[in-house]
Amino acid sequence: MPHAPEHDARLSAIRPTRMGPVGDGADSQKGPYMHACSILSLCAIVAVVTSCSAETKKIETQAPSAPVASAASTMPARPPTAAPMLKTIAPTSVVAVVEGVELHQSEVNTRMERVLAMSGGHIPPERIAEFRAQFGKRVLDEMVMQTLLLKTAEQAKIAITTNDIAEALKGMPLPPGQTLESALAAQGMNRADFDKEMRDGLKIQKLLEKEIGNKAVVSDQQIKEFYESNKTHMATPETVTARHLLVKFPDNADDKAKATAKAKAEGLRKQLVAGADFAKLVKENSDDPGSKETGGEYTFPRGQMVPAFESAAFNQNLKEIGPLVETQFGYHIIQTLAKKPGKTMALDEVKDDIRKHLENKIKGEAVQKYIEALRAKATIKYPSQT
């Protein structure tokens, strides 16, 4: 509730997120859903080869649809020959032929419906038609590349074993309270679709690992040069851990409504000063749903919260129950629990992250060149264009 509108105070403790360039879009995490649910994105194919172990915790706490979003944000540049923009086409129409393999509009439609399901209703209804028109071209283009890679994997006699599947499924993150089937259903998939796309994704992964191999060799000197040129990004900010209890008042509240909320907040503060259980009072009384179940606790740097809340949290004495703080959200009772000064991380602290980042960059570039070379030699036709 006290967040500044454009920020989220629940900051990740994952090092690459703090470091900036080391945790950029090139560092994606390999995971079972990356193989299956994200295969419609070319970048997901790149991501399974250029995975970053430092991002494991981040990925494991996301819903299955999350890798698709992160993959799309780091899409490599398109090859010169791209699929045409799709218009209204009959589902049975052949929209592309890749080395003799026909792709139909119905397959494109299925992929687009899945993406819409993954969006969780965030696309306004009035813009869905526009989305279909624009995204259809991209989906077809990615299906063409996937088909080409699978064709190449088959020619290379790449096989997927039951052990490969078991390893990919091991430790698969699922949304709380959901089974694999229910999570897939929410994304417009069934188990048969999932198994097929996982197998296809693993084939492509093996192909790229075979072709790219261990070409990403990074020297200690390169790591040092990267560190020195990006030292400003190696700083961890000063942070504070504080908990609060919010008594809100309505938007455009009059003096009477504010006075009522303030009186309630003052009464609760007196209980806390007298030794009442902070977490218990928060759960029973706080109007901040974002922290109610965690005892009202947040850890954040400067610039993440509204100014009055931030100032109180950073300036209060530890363990002190501070005076009421008024923000646009209401009245806050704040207790500062811990303060952590900022520092610049030493090279040894970030060396492994930098190495992984540079390796991923090299691998990503190699994968893109490999795919572009395959496409340049392939026979790809778009019947719907004629």
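Read-outs: derived from the displayed coordinates by stated rules, not from any lab. Keep in mind that what you see is a predicted model, and the values were worked out from it rather than measured. Virtual Cβ from ideal backbone geometry, glycine too; neighbours counted across all protein chains shown.
Annotations
- Condition broken by residue 275, with the remaining ones in (1) part of a loop (DSSP other than H, G, I, E, B); (2) buried (at least 18 other Cβ atoms within 10 Å of the Cβ) satisfied: (2)
- Odd one out for residue 304 among (1) surrounded by 18 or more Cβ atoms within 10 Å (Cβ to Cβ); (2) under 13 Å from residue 243 (Cα atoms): (2)
- Only one of 356, 343, 363, 381 that is under 30 Å from residue 152 (Cβ atoms) and surrounded by fewer than 18 Cβ atoms within 10 Å (Cβ to Cβ): 381
- Among (1) assigned to a helix (DSSP H, G or I); (2) within 24 Å of residue 161 (Cα to Cα); (3) without any contact (Cβ under 8 Å) to a residue 24 or more places away in the chain - the single one residue 232 does not satisfy: (2)
- In region 119-151, the residues that are touching a helix residue (DSSP H, G or I) at 6+ places or on another chain (Cβ under 6 Å), in contact (Cβ under 8 Å) with a residue 40 or more places away in the chain and β-branched (Val, Ile, Thr): 139
- If you go through region 98-134 and keep only what is among the hydroxyl-bearing types (Ser, Thr, Tyr) and part of a helix (DSSP H, G or I), you end up with 106, 110.
- Selection from region 222-243 of residues that are among the charged types (D, E, K, R) and farther than 20 Å from residue 356 by Cβ: 238, 243
- Residue within region 344-358 that is acidic (Asp, Glu) and assigned to a strand (DSSP E or B) present: no
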